[in-house]
1. With the structure loaded, tell me whether Gly44 is open to solvent by 30 Å² or more (accessible area, probe 1.4 Å), modelled with pLDDT of 95 or more and either hydrophobic (A, V, I, L, M, F, W, C) or not assigned by TED's automatic domain parsing to the domain that holds Val145 (or both) or whether it fails that test.
2. Which condition breaks for Leu135 when tested against (1) under 20 Å from Ala16 (Cβ atoms); (2) within 11 Å of ligand 1 (Cβ to nearest atom); (3) open to solvent by 30 Å² or more (accessible area, probe 1.4 Å)?
3. Give region 98-112 a look and list any residue that's open to solvent by less than 30 Å² (accessible area, probe 1.4 Å) and of a type outside the set (A, V, I, L, M, F, W, C), or say none.
4. List every residue pair whose Cβ atoms lie under 7 Å apart, where the two residues are 6 or more positions apart in sequence or sit on different chains, the first residue falls within region 54-74 and is within 16 Å of ligand 1 (Cβ to nearest atom), and the second residue, located anywhere, is open to solvent by 30 Å² or more (accessible area, probe 1.4 Å) and assigned to a strand (DSSP E or B).
5. Quick test of your reading of the structure: Asp83 fulfils all but one of (1) surrounded by fewer than 18 Cβ atoms within 10 Å (Cβ to Cβ); (2) under 24 Å from Lys2 (Cβ atoms); (3) of a type outside the set (Ser, Thr, Tyr). Name the failing condition by number.
6. Across region 110-125, what is the total count of residues that are more than 15 Å from ligand 1 (Cβ to nearest atom) and either assigned to a helix (DSSP H, G or I) or among the aromatic types (Phe, Trp, Tyr) (or both)?
7. Looking at Glu17, Glu33, which one is of a type in the set (Asp, Glu) and either within 11 Å of ligand 1 (Cβ to nearest atom) or out of contact with any strand residue (DSSP E or B) (no Cβ under 7 Å at 6 or more places or on another chain) (or both)?
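The values are calculated or read from the model by the stated rules, or taken from the named source; none is laboratory data. Note that the coordinates shown come from a computational prediction; the quantities given were computed from them, not determined experimentally. Here the Cβ is made from the backbone with ideal geometry for all residues, glycine too, and neighbour counts use every protein chain on show. Only protein heavy atoms, including side chains, enter the accessible area calculation; ligands, DNA and RNA are left aside. Shrake-Rupley method; radii C 1.70, N 1.55, O 1.52, S 1.80 Å.
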Amino acid sequence: MKKHMQFILNGHEVTAEADTRQSLLSLLREEFELTGAKEGCGEGECGACTVIVDGLAVNSCIMPALEASGCRVETVEGLAGPDGSLHPLQQAFVDFGAVQCGFCTPGMVMSAKALLDEDAAPDEETIRTAIEGNLCRCTGYKQIVDAIKTAAEKMP
Ligand code: FES
Ligand code: FES
């Protein structure tokens with residue numbers, strides 16, 4: 001059964017008809033064509049589907065879409081500036097070689113953003129804790145941690 005919902009998506013008020021069993025990830029990818037968030041495990045284990053809901057990084061594959069009603073949802077597509085310039089986190093991921101196959105990257109960047117929105121100068125342990133739900137099979141994590149640290153230093 002579908003229900004009407006309304007929420008803020010990357011700063012814009014939007015409406016949708018979501019199935020009661022539909023995940024937020026499915027709604028974002030299929031209805032809004034925002035395919036940055038990825039489906040890896042589909043079970044809340046890998047973090048590839050991470051988006052930010054009301055300031056918190058969530059696994060959108062296991063969050064019912066309807067639970068986002070009235071919430072502020074941020075996806076990786078909302079990070080770049082209006083002129084296409086990369087967000088400091090995205091730029092740092094590029095600069096540090098923290099993107100290899102890229103499958104984990106949107107989720108990783110959104111977990112990092114949720115952290116930096118709360119803590120502008122996190123130490124390494126805090127960064128590692130913030131991304132512990134995001135699996136990366138390529139990088140070994142060091143480049144990712146370095147990128148997040150550097151982005152934090154550069155962000156106003
Ligand atoms: S796809 Fe959502 S946590 Fe793996
Ligand atoms: S860059 Fe390949 S999984 Fe992280």
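1. no
2. (1)
3. As a first pass, look at region 98-112 and keep what is open to solvent by less than 30 Å² (accessible area, probe 1.4 Å): 98, 102, 104-112.
Within region 98-112, Gly102, Thr105, Pro106, Gly107, Ser111 meet the criteria.
4. Val73/Ile8
5. The single condition Asp83 does not satisfy is (2).
6. 8
7. Result of the check over Glu17, Glu33: Glu33.
The rows are residues; the columns are (1) without any contact (Cβ under 8 Å) to a residue 12 or more places away in the chain; (2) β-branched (Val, Ile, Thr); (3) at positive phi.
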position: Leu79; (1), (2), (3): no, no, no
position: Pro82; (1), (2), (3): yes, no, no
position: Thr105; (1), (2), (3): no, yes, no
position: Arg137; (1), (2), (3): no, no, no
position: Lys142; (1), (2), (3): yes, no, no
position: Val145; (1), (2), (3): no, yes, no
position: Thr150; (1), (2), (3): no, yes, no
position: Lys154; (1), (2), (3): no, no, no
